[in-house]
Amino acid sequence: MSKLGNIGARLYRGEVGYDFIGKRKIWYGLSILITIVAIVGLGVRGLNMGIEFSGGAVFTTPKTSVSASEAQHKAESAAGGHQAVVQKLGGGALRIQISGLDTKQSVPVQEELAKDLNVPVKDVNTQLVGPSWGEQIANKAWLGLGIFMVLVVLYLAIAFEWRMAVAALVALIHDLTITVGIYALVGFEVTPGTVIGLLTILGYSLYDTVVVFDSLKEASKDITKQTRFTYSEIANRSINGTLVRSINTTVVALLPVAGLLFVGGGVLGAGMLNDISLALFVGLAAGAYSSIFIATPLVADLKSREPQMQALAKRVKAKRAAAEAKAAGQEDAQEETAGAADAEDGDGAAVVGPRRQPASRNRGRGRPSGKRR
């Protein structure tokens, strides 16, 4: 068995572990800090909405020797300062997106681009995209997100309990907020692919959370009939028991997404891949984090406020105090016994060796004195 497998087995059996629940305030503070940064980035920089949401024109040129960065500069100059996104296509062709252009503005921009890129005007294909289409996509995405949240809360409340449903909902909102904030800070363009990525990460985040919740539900069955562990301690054991599994599934899921983001989007320049891969990468990482450091500790906090769990915690504390007192008493008794044994050994040492015989018994039995009577 590998070293990681040995660690996972020991975590599952409770032989080793990390106190996630006991240090939950640290994770809460870290999550709040990251969320604040994401919200500030969203408020200050805003989202870079793609042409599908803001409207504009898409120009596809034939093969040209002009680089993508140079074409972007020329396109923004021709569009009078409108932001342009240029993507290099196969065969040396270019795809130029310019947001905020209408039908009248697109014609002179098309002519100016053809002139700057040294290609015929008729070979520059122009497509106009209205903002109403993107608005419909956004509305449907919000509707789907709302329905998904409601169904998740209902399912978790029925399958587990309402506290777990609340914790899972908080974790999902946490993951979405961080992902959207990262988009704002990085400045990636928000496209329909981004919306798909955001909706996809909800399932991954919920999967990790439900795995821990299922382990916690099984471990906390008939919890009030024992006095060995509190609910928070059982919750912590559940996290440690599924920790290696959560790490393995997250790493396996992140590897292909990282390939899309860093190799496909960064090296190959496939801009369309960036839209969905960044959302998936950030969302998967945030989902694994929230299921371990946010959702389960929050359930432990909510559950520990119940009168039954508070009474259980008192019984566990009293039992442990009695065990410690008993162990201390046994240690004192052992020390006293050891001290008495040492004292007896000391008395015995005083009589060890040849004994001195009384004088009366030695009279007449010794050597002659040499005197004659």
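The values are calculated or read from the model by the stated rules, or taken from the named source; none is laboratory data. As the structure is a prediction and not an experimental result, all values here were calculated from the model. Glycine gets a Cβ as well: all are built from the backbone with ideal geometry, and neighbour counts include every protein chain shown. The accessibility values were calculated without ligands, DNA or RNA, using every heavy atom of the protein model including side chains. Shrake-Rupley method; radii C 1.70, N 1.55, O 1.52, S 1.80 Å.
Data overview
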item: Tabulated pairs, segment 222-233, first farther than 20 Å from residue 322 by Cα, second in a loop (DSSP other than H, G, I, E, B) and open to solvent by less than 40 Å² (accessible area, probe 1.4 Å), C-beta under 6 angstrom, 6+ apart or interchain; result: 232/21
item: Extreme residue, nearest to residue 152 (Cα to Cα), among residues of segment 189-218 that are open to solvent by 50 Å² or more (accessible area, probe 1.4 Å) and modelled with pLDDT of 80 or more; result: 207
item: Filter result for the condition that a residue is not acidic (Asp, Glu) and not in a helix (DSSP H, G or I), over 127, 136; result: 127
item: Tabulated pairs, segment 75-99, first in a loop (DSSP other than H, G, I, E, B), second β-branched (Val, Ile, Thr) and buried (at least 20 other Cβ atoms within 10 Å of the Cβ), C-beta under 7 angstrom, 6+ apart or interchain; result: 79/98; 79/109; 82/98; 93/61
item: Residue check for residue 323: surrounded by 20 or more Cβ atoms within 10 Å (Cβ to Cβ), at pLDDT 80 or above and part of a helix (DSSP H, G or I); result: no
item: Close pairs (8 angstrom Cβ cut-off, 6 or more residues apart or separate chains): in a helix (DSSP H, G or I) in segment 156-176, charged (D, E, K, R) and open to solvent by less than 40 Å² (accessible area, probe 1.4 Å) anywhere; result: 163/303
item: Pair list, Cβ under 6 Å, 6 or more apart: segment 263-284 residue at positive phi and modelled with pLDDT under 75, other residue among the charged types (D, E, K, R) and open to solvent by 60 Å² or more (accessible area, probe 1.4 Å); result: 269/88
item: Matching residues in segment 177-222 - criterion: being closer than 20 Å to residue 41 by Cα and in a loop (DSSP other than H, G, I, E, B); result: 187, 188, 191
item: Within segment 14-53, considering residues that are open to solvent by less than 50 Å² (accessible area, probe 1.4 Å) and within 30 Å of residue 104 (Cα to Cα), the one modelled with the highest pLDDT; result: 46
item: Residue check for residue 308: modelled with pLDDT under 90 and not hydroxyl-bearing (Ser, Thr, Tyr); result: no
item: Yes/no for residue 185 being at pLDDT below 85 and either under 19 Å from residue 34 (Cβ atoms) or surrounded by 23 or more Cβ atoms within 10 Å (Cβ to Cβ) (or both); result: no
item: Flag for residue 72 being assigned to a helix (DSSP H, G or I) and either in contact with a strand residue (DSSP E or B) (Cβ under 7 Å, 6 or more places away or on another chain) or modelled with pLDDT of 85 or more (or both); result: yes
